[in-house]
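Reviewing the structure listed below.
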Amino acid sequence: MLGITYPELTRFLIQFGIAVSGAASLWGCVFALKSRKSGEVIYENLSSLLMWLFIAGFLIFTFNWWIGSLFLFVPDIFAHEGIVVRPSVDAVLRGFELNMPLVTLIMLLGILNIHWFFYYKELWKKYASVLWGAQFLLFSAVAALSAAAPDFLSRLQMFFTLHNWHSILTLGSVITVDYLFLATFRLHSHKKFLYAFFPIISLFIWIGLGIDFLSNFLIFEDAFRLDDQFLFIQTIVAIIIINGAILSGRINELLINFAELAKRELIDPLLKKVIAVSGSVSIVSWLTITFMDFFEFSAKYWQFWGVYLLAVVTAYTIHGILESFFANGEPAH
Amino acid sequence: MKELMAKIKLSEIFFLASGLGILFSLPWLEGGGFSVWAVAKAAYFAGVILLIFKK
């Protein structure tokens with residue numbers, strides 16, 4: 001039932017690191033550009049806040065990429081449809097080979113970005129959009145080339161490229177939203193600006209899932225396999241879509257209204273719970289389908305459900321603890 | 001809570017149809033039928049296009 005092995009776990013963590021640091025770079029770049037255009041210092045602060053998320057993703061990615069490159073393995077790659085594609089040893093080797101200079105560049109640029117952020121803040125502010133933008137492009141390239149088919153124009157290569165890249169838009173952006181939501185919990189002056197961005201980030205998440213659907217159509221005919229894992233992943237995809245359709249858009253609108261009216265205290269306690277449940281379902285669902293990409297489980301459908309529900313309850317509890325933690329004390333403005 | 005029920009967008013209807021379509025197509029998938037599933041996926045793309053055009 002538990003088909004988790006260390007090499008596959010390493011590969012998942014590489015993908016997780018790419019998603020988190022790639023999304024932090026993308027939205028860091030957007031906020032830095034917005035700050036330059038509008039002259040509003042709050043956008044610059046939001047860009048700065050993303051540095052901590054970037055550092056976390058950057059460390060997870062670099063550590064695991066080097067572990068992975070030194071202890072090469074060839075796991076199955078699953079799409080979010082539960083469709084299996086087995087990359088050849090050559091494809092994975094080529095991926096690591098092609099990515100070696102890119103990962104070296106990412107490390108140099110990442111260290112420069114972090115160094116300037118802590119020791120040359122004015123210089124960092126001046127070039128933040130360039131640094132974030134370059135990092136986003138590099139992480140995108142690494143994601144796209146992490147498995148390289150012999151024919152670069154083949155459907156298989158298109159699948160690898162789109163499937164690995166979309167995590168930046170989906171999983172990474174979902175984590176970015178949750179992180180910024182909590183990080184600005186007491187920064188009331190930031191909320192109006194941040195929440196106004198949530199619909200844009202949501203749009204990118206929807207587009208990201210669409211990219212994954214497209215990538216799956218490319219290999220569907222050759223790689224489709226119907227089992228409990230496939231059916232469960234399909235269920236989770238449906239939950240993500242329904243949760244997003246019913247709640248995300250409305251919650252975004254309500255948050256914007258509350259932030260503009262500065263009347264957070266008027267939020268209905270039941271509504272606060274709905275927001276927490278929706279957020280927990282969203283992040284656990286994205287983590288679930290990304291995690292299950294890398295493993296082959298022999299569990300039954302209901303067993304997957306058991307673990308998933310336990311994870312949602314855990315996420316909801318952690319959210320409550322973090323919310324209490326961030327809500328304590330005077331507003332930082 | 002009332003605000004959550006207000007103002008349903010067209011894109012949300014398509015997304016909802018897509019999600020429910022995927023969910024209810026699972027028994028058919030087990031029987032080898034893909035049409036409901038494929039329509040649900042098509043509804044998803046329609047939802048994304050509508051969202052881009054702010055509908």
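The values are calculated or read from the model by the stated rules, or taken from the named source; none is laboratory data. Nothing here was measured: the structure is a model prediction, and the numbers come from that model. Quick reminder, even Gly has a Cβ in these numbers, built from the backbone with ideal geometry, and neighbours come from all protein chains shown.
Looking across region A:248-272 at every residue that is modelled with pLDDT of 70 or more and of a type in the set (Lys, Arg), the one that is farthest from the chain's Cα centre (by Cα) is identified as A:Lys272. Checking each residue in region A:36-70 for being more than 17 Å from A:Ile111 (Cβ to Cβ), free of Cβ contacts under 8 Å to residues at least 60 places away in the same chain and not basic (Lys, Arg) picks out A:Ser38, A:Gly39, A:Val41, A:Asn64, A:Ile67, A:Ser69, A:Leu70. I need the full set of residues from region B:27-36 which are over 12 Å from A:Leu231 (Cα atoms) and either of a type in the set (Asp, Glu) or part of a helix (DSSP H, G or I) (or both), in order please. Scanning region B:27-36 gives B:Ser35, B:Val36.
Against the definition (in a helix (DSSP H, G or I), surrounded by 23 or more Cβ atoms within 10 Å (Cβ to Cβ) and either modelled with pLDDT of 95 or more or polar (S, T, N, Q) (or both)), how does A:Gln157 come out, yes or no? Against the criterion (in a helix (DSSP H, G or I), surrounded by 23 or more Cβ atoms within 10 Å (Cβ to Cβ) and either modelled with pLDDT of 95 or more or polar (S, T, N, Q) (or both)), A:Gln157 does not qualify. Screening the candidates B:Phe15, B:Phe53 for the property of being hydrophobic (A, V, I, L, M, F, W, C) and modelled with pLDDT under 90 yields one hit, B:Phe53. With respect to the conditions (1) more than 8 Å from chain B (Cβ to nearest Cβ); (2) touching a residue at least 40 places away in the same chain (Cβ under 8 Å), A:Ile205 lacks only one, and its number is (2). Checking each residue in region A:122-154 for being assigned to a helix (DSSP H, G or I), of a type in the set (Ser, Thr, Tyr) and in contact (Cβ under 8 Å) with a residue 60 or more places away in the chain picks out A:Ser129, A:Ser140. Over 18 Å from the mean Cα position of the chain (by Cα), outside any helix (DSSP H, G or I) and modelled with pLDDT under 95: does that describe A:Phe220? Spelling it out, it is not the case that A:Phe220 is over 18 Å from the mean Cα position of the chain (by Cα), outside any helix (DSSP H, G or I) and modelled with pLDDT under 95. Scanning region A:131-154 for residues that are surrounded by fewer than 19 Cβ atoms within 10 Å (Cβ to Cβ) and more than 19 Å from the chain's Cα centre (by Cα) yields A:Pro150, A:Asp151, A:Phe152, A:Leu153, A:Ser154.
The condition of being in a helix (DSSP H, G or I), in contact with a helix residue (DSSP H, G or I) (Cβ under 6 Å, 6 or more places away or on another chain) and not aliphatic (A, V, I, L, M) holds for only one of A:Phe58, A:Phe63, that being A:Phe58. Could you say whether any residue in region A:225-237 is modelled with pLDDT under 80 and touching a strand residue (DSSP E or B) at 6+ places or on another chain (Cβ under 9 Å)? The answer is yes, given that some residue of region A:225-237 is modelled with pLDDT under 80 and touching a strand residue (DSSP E or B) at 6+ places or on another chain (Cβ under 9 Å). Restricting to region A:188-228, name every residue that is under 30 Å from A:Val41 (Cα atoms), surrounded by 19 or more Cβ atoms within 10 Å (Cβ to Cβ) and not aromatic (Phe, Trp, Tyr). The answer is A:His190, A:Lys191, A:Leu194, A:Ile201, A:Ser202, A:Ile205, A:Gly208. Taken over region A:223-258, the criterion of being of a type outside the set (A, V, I, L, M), within 7 Å of chain B (Cβ to nearest Cβ) and over 15 Å from B:Ser25 (Cα atoms) is satisfied by A:Gly244, A:Gly249, A:Arg250.
In a residue-by-residue description of region A:170-187, the property of being farther than 21 Å from A:Trp286 by Cα, more than 14 Å from chain B (Cβ to nearest Cβ) and either among the charged types (D, E, K, R) or part of a helix (DSSP H, G or I) (or both) applies to at least one position.
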